């Protein structure tokens, strides 16, 4: 009955363009593994992993979503009730950063109000070697400053990671965990508010903050 | 009024249109439903139908090949059918249909006892049998030597008609018969029979087939008793015909359910789903699509490329270039064939699976039928079919397993999230391939209800375990484990050996197809109809949200953008909304409708207004020319149509609040070359368009703010006058009466003033534009070099042969020279475009004089200010002049007049202009536009003299003091 560390369940959703490495980040975090050719995620994959931060244990319930554009209309089903989100982009693909911007906006407008979002620029391994040098032909197409400034603007956590080398991967989940309020009451309240009819609920969370949706 | 009603009718929003579209899906025509039921290609129509009894026998090719397959034979012999010893006589009753390419029969019992879809190309011979007078019998022989006798039931003339129609169809189909022979060479069934010497067809080569032929088929052929299955099929093909002329008996269904043999699987799939007919009809299309689009790039291609190495990677063929190449070609060909769908993740897995058993061409057509017919909307850009069917699945669970559903709801387990991949990848990504293929065998035969039946059975069989779960994680884990153990015994602890031998997969199929057989097409469609609206609403909301977010930044509010969005989609093809976001285009006709709904100066004819023009056409060609100009200018991609983004950006520029910017934007519309110069033709166009745009004010159906100010003054004067008469105090609050009596003449005077202002504005605009137009340098140098006289060079600007242009500063100067036109660009024009007018609001642009008066009185503040000003100035006048002015009333009127004058007075004065001056303006245009001959006939001498007068006036005006001010704008 009285376990020393009752794990706090935290629902976390991964969003981002196709092939930026969402599933790979999860695989690295959950199994400390990496696969070069991962099958595309159909709809969403579900995985769990515990993570201890100080005296707290968090049980991440991870919803890893499909990245292809058209699956975006399914996303509200997945980020419903999520307390945390990783918005992932590929630092070598500028388009994926634009997509990340959209996801952040979508989450701010439609997801739970107090959702913790981390912006994650993945595939750091591809630019690692030429960091420091001012090489023109660097693979990096999204600068760390751009990422930081979007994060500051939208109040997000920010990391650059490599699922391949595992650089910074655990830090993302630890960072998110430390920001999640420990009170499980908020989560319970959240859950209740969404259990209504329309189970395939595309309109996302109930807290419609559409009014704040000014273009940046 | 018909106009308003038509407008309201049109003002339905996107969703409704989408819904209507979908509803019509259910309300298919009889022919369409018929095509769906029998998986015929679209476009087949029932030419004739009749009740009939069927007799089938098979003409043995090799008499020595004795068979034991007379299991279906009934003893009921007809007098004529005593010919062959090996005959297989069944006499099912049912209905016979004739379409242009098919002869379709279904039995009256359950449609499964005996049914067939004969392609007319397979019919070798039809003869009328000599029968007793009351029976009309036709005997047909197919290419597979099947002799089918139809006993037509009904009155003789009807039967004769049917026979005649059959003859006509057969004759019309003759050109298609040549496709049959090459097609037969691609069918494994024909190869099989030919190799075993039981066919007249010669098929020497192994027909192109799936990757399994080379890389081995998945699973263990021994375990699946592939050889025995093949033998059963071999017998069936011999007796019941094959491919395009197969007779489906209960045996056919049974053999599909026990699992298809590897080598025949692909062919039976395409036969069951009907893609075989498409392949027959379009023999070269697959290779042509690939050929035509070779080297082209597309988003779909990029997306496909990302997934090629991630499609059934465990199957050995997809570790080799050959497998990957086939997969790439089929997916790419489909993305070109149906760009609305393009490529959707999960299609890679489905196609990879098909290609194990099918040739590329077979897989290509099968994919077409799958995406367009069997599971429409599953892979579309919004995936509405997927979302809808997940909702349907949930409500089926709720209906059939209420206790479990309650549990799922209680713990907020997202069932649809769990089941979505089952449907989308046809179980291929969820369970071991061998089992998934067994489900797909049934799926192609029975249709999408199979997916639901299996899904329900999965939930049902795991119900007890699932009831113990309280979160998504455990829920998913239970099902994952279940899928991995499908080959294990369903009852491992049963003492009965037979029970123990039943695998979980067998149990699953029995549960799915027995217990959930009630979940048929009808039940599913009923549920789909119920949830369709909500799903489409949600998708529309999502698509809208996404698209609005992706629009370029403008000055519009979110509300205004939302209204523009709704209006845009109410005008364009509605199905696009379900297909994609951001891909819909608005053509010019829709654009004129759009503009006529939101712009005061744009009128499009409505339906029923036939006297003036057909619906959607504009009331005059000048209007078309201006709108066409806007349209072309906004069409950034030069594709003859504009996107929502183009529209929003264009409207934003058109309604720019800043005077200078607004003028610049307007100027740009005419600056075709983008060199900052507008030539003579452009100036004329511009002034014509300005005349057109200002029509509502020129005709006083709308009043601008100058007139509004005048009205205020008239009202204020009236109030002051009344107050004086009542002798009330000048101090205290000014109460604006709710009604005021203004003399009709006074009103008419106000209207006339406005009309005059606009006419004068138009007239002065064109005059000044040409006056300040600069000659094109080169030409001037050549032609006008010797002429030094100012007067002549000035005339040269009006000379149609001398090229001139105006630039932006000149344009601005010319506009700013006229108060009415200045106001037009600073306020009047932009406020005449009502972007934020709600979609279903009544069309009300006519602000007449009465309304204006009432409005001002109701508001009161403006008038009160005016009255206060008058009172104050009257009071101060009284103080200063201490009695000099005996009539404060007239003083106030005078001061009001003076104020008006000050407001009104530009340095050129108001040129007195009447209706005729419009002629003058047109005369000026005519002079420039028309050739000399025509000019002489149209332009009277008085017109010319008027023109000279106006010219003189303009010249006089150019020397007025304001000119120096105006010139400053040139440096602006």
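Just so it is clear, none of the values below were taken in a lab; they were calculated from the coordinates. Just so it is clear, the structure is predicted and the values come from calculations on it, not from any experiment. Ideal geometry is used to build each Cβ from the backbone, glycine not excepted, and the neighbour counts take in all protein chains shown.
Per-residue mean of other chain beta-carbon atoms within 10 angstrom of the beta-carbon, peptide B:413-422?
Mean number of neighbouring Cβ atoms from other chains: 5.
Under the definition of Cα pairs under 8 Å and six or more residues apart, what whole-number percent is the relative contact order of segment B:210-362? Provide the component values of the computation, followed by the final result.
Working: 134 pairs, mean separation 51.0, N = 153.
Reported relative contact order: 33 percent.
Based only on other Cβ atoms within 10 Å, what is the fewest-to-most ordering of B:420, B:467? Display every interim value, and only then the final one.
Numbers: B:420 26, B:467 14.
With the fewest neighbours first, B:420, B:467 line up as B:467, B:420.
Can you tell me the length gained on complete extension of the stretch residue B:638 to residue B:29, counting 0.36 nm per residue apart and subtracting the Cα distance?
Details: separation 609, 0.36 × 609 = 219.24 nm, distance 3.89 nm.
Full extension from residue B:638 to residue B:29 adds 215.3 nm.
Sequence gap at least 6, Cα distance under 8 Å: using those rules, report the relative contact order of segment B:278-364 to the nearest whole percent.
Values: 75 pairs, mean separation 29.4, N = 87.
Value for segment B:278-364: 34 percent.
As a footprinting exposure proxy, order B:744, B:235, B:872, B:240 by other Cβ within 10 Å, with the fewest listed first.
Details: B:744 8, B:235 16, B:872 11, B:240 23.
Arranged by neighbour count, lowest to highest, B:744, B:235, B:872, B:240 become B:744, B:872, B:235, B:240.
Hey, rough spin-label estimate for residue B:253 and residue A:57, points 7 angstrom out along Cα→Cβ, what's it come to in nanometres?
Placing both labels 7 Å beyond Cα along the Cβ direction yields 5.5 nm.
Please work out the C-alpha center-to-center distance from segment B:557-572 to segment B:273-332 and express it in whole Å.
Here the answer is 39 Å between Cα centres.
Taking 0.36 nm per residue of separation and subtracting the Cα-Cα distance, what length does fully extending residue B:624 through residue B:470 add?
Details: separation 154, 0.36 × 154 = 55.44 nm, distance 6.49 nm.
So the extension gain works out to 48.9 nm.
For segment B:384-520, what does the relative contact order come out to in percent, with C-alpha contacts under 8 Å and a separation of six or more?
Values: 126 pairs, mean separation 32.4, N = 137.
Result for segment B:384-520 is 24 percent.
Taking a cut-off of 27 Å, what percent of all Cα-Cα pairs in segment B:384-520 are separated by more than that?
Working: 1461 of 9316 pairs.
It works out to 16 percent of all Cα pairs.
Mind checking the log10 I(q)/I(0) for segment B:327-366 at q = 0.15, 0.22, 0.26 Å⁻¹? Debye, one equal scatterer per Cα, no solvent, two decimals.
Those come out to -0.28, -0.60, -0.83, one per q.
Once label points are set 7 Å from the Cα along Cα→Cβ at both residue B:174 and residue B:522, what is their separation, rounded to one decimal in nm?
It works out to 4.5 nm between the two label points.
For segment B:449-519, what class follows from the C-alpha gyration tensor (a ≥ b ≥ c being the square roots of its eigenvalues): rounded when a/c is under 1.5, otherwise prolate if a/b is larger than b/c, else oblate? Intermediate results must be reported in sequence, preceding the final value.
On the way: a/c = 2.07, a/b = 1.16, b/c = 1.79.
Since a/c reaches 1.5 but b/c is at least a/b, the shape of segment B:449-519 is classed as oblate.
Can you give the FRET efficiency to the nearest 0.05 for residue A:128 and residue B:290, using r as the Cβ-Cβ distance and R₀ = 25 Å?
So, using R0 = 25 Å, E works out to roughly 0.05.
For segment B:94-198, report the % of Cα-Cα distances exceeding 22 Å. Provide the component values of the computation, followed by the final result.
Numbers: 2061 of 5460 pairs.
When all Cα pairs of segment B:94-198 are counted, 38 percent exceed 22 Å.
To the nearest Å, what is the center-to-center distance of segment B:360-402 and segment B:625-694, using C-alpha atoms only?
A separation of 46 Å, based on Cα centres.
Test of understanding: express the Cα radius of gyration of segment B:147-215 as a ratio to 2.2 N^0.38 Å, with N the residue count.
Numbers: Rg = 18.4 Å, N = 69, 2.2 N^0.38 = 11.0 Å.
Compactness ratio reported: 1.67.
Just tell me how shielded A:82-91 is by partners: mean number of partner chain Cβ atoms within 10 Å of each residue's Cβ, no decimals. Please list the in-between numbers first.
On the way: counts 0, 0, 0, 0, 0, 0, 0, 0, 0, 0.
Mean partner shielding for this stretch: 0.
Per residue, how big is the convex hull of segment B:284-374 when only Cα atoms are used? Give it in Å³.
Working: hull volume 8.2 nm³, N = 91.
Value for segment B:284-374: 90 Å³ per residue.
May I have the pair-distance distribution P(r) for segment B:178-323, computed from all Cα-Cα distances with 5 Å bins from 0 and rounded to whole percent?
All Cα pairs considered, the percentages come to 2, 8, 14, 18, 18, 17, 11, 7, 4, 1.
Return the distance in nm (one decimal) between the two label points of a simple spin-label model at residue B:645 and residue B:109, each offset 7 Å from Cα along Cα→Cβ.
Each label point is offset 7 Å from its Cα along the Cβ direction, giving 6.2 nm.
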